[in-house]
1. For the structure I just gave you, tell me whether GLU6 is modelled with pLDDT under 80, exposed (fewer than 13 other Cβ atoms within 10 Å of the Cβ), over 13 Å from the mean Cα position of the chain (by Cα) and of a type in the set (Asp, Glu).
2. Tell me yes or no: at least one residue of region 12-31 is crowded, with 20+ Cβ neighbours inside 10 Å and β-branched (Val, Ile, Thr).
3. Residues of region 13-33 being part of a helix (DSSP H, G or I) and modelled with pLDDT under 80, which ones?
4. Quick one: in region 42-78, which of the residues that are touching a residue at least 40 places away in the same chain (Cβ under 8 Å) and touching a Lys or Arg at 6+ places or on another chain (Cβ under 7 Å) is surrounded by the fewest Cβ atoms within 10 Å (Cβ to Cβ)?
Amino acid sequence: MARSREQSEAAISELLRRLAPLLRQRAFAFSRNEADRQDYYQEGVVGFLSAVHTFKVGCGVRFSTYACTCALNRMRNLLRQRSKGSEFVMVSLETGDGIADSTPDPQQLTQTQDEVERVLERIETALSSFEKQVLRLYLGGLSYAEAAQNLGTNAKAVDNAMQRIRRKLSP
């Protein structure tokens, strides 16, 4: 069981390493400054992790396409949230077809791997067991209310946990 989990985490790390250059590129397109860029990148990573847990094999869609869509949707949602009450900003997202189109340099690959390892380490060390459960359910596609029902608590407790998770996992 432990070996299977290690293999699974290694596979997720490798997939995120491959997707990270695209996430960085899209985060740059959405952002106005470095802090925004990090927020959009983080949302992209959360979208990717969600895709890992919700992808259904045999549905006729490649995982890379599904993961990119989930990540970009998270970024778009953040843009919409930030645009409420202000003028909508149109961002072009049609600059590539997928992961295979981006070939980062070795330095960028090393940097990406380091970032992936830091995120996984922060998840393991910074989050409480309750926060890990909340994150797992949220990435599994459950709403706050559904996660709360699963955990025997209320939606506000899940919302509070998600806020703490975002704060703790912020770069």
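The values are calculated or read from the model by the stated rules, or taken from the named source; none is laboratory data. On a predicted model such as this, the values are computed, not experimentally measured, just so you know. Cβ coordinates were reconstructed from backbone atoms using ideal geometry, including for glycine residues, and neighbour counts include every protein chain displayed.
1. Working: modelled with pLDDT under 80: yes; exposed (fewer than 13 other Cβ atoms within 10 Å of the Cβ): yes; over 13 Å from the mean Cα position of the chain (by Cα): yes; of a type in the set (Asp, Glu): yes.
Answer is yes for this residue.
2. no
3. Once the filter is applied, which keeps residues that are part of a helix (DSSP H, G or I) and modelled with pLDDT under 80, region 13-33 yields only PHE30.
4. Of everything passing the filter in region 42-78, LEU72 is surrounded by the fewest Cβ atoms within 10 Å (Cβ to Cβ).
Residues checked against (1) at pLDDT below 90; (2) under 21 Å from TYR41 (Cβ atoms); (3) not assigned by TED's automatic domain parsing to the domain that holds HIS53:
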position	(1), (2), (3)
GLN133	yes, no, yes
LEU137	yes, no, yes
ALA147	yes, no, yes
ALA157	no, no, yes
ASN160	no, no, yes
ARG166	yes, yes, yes
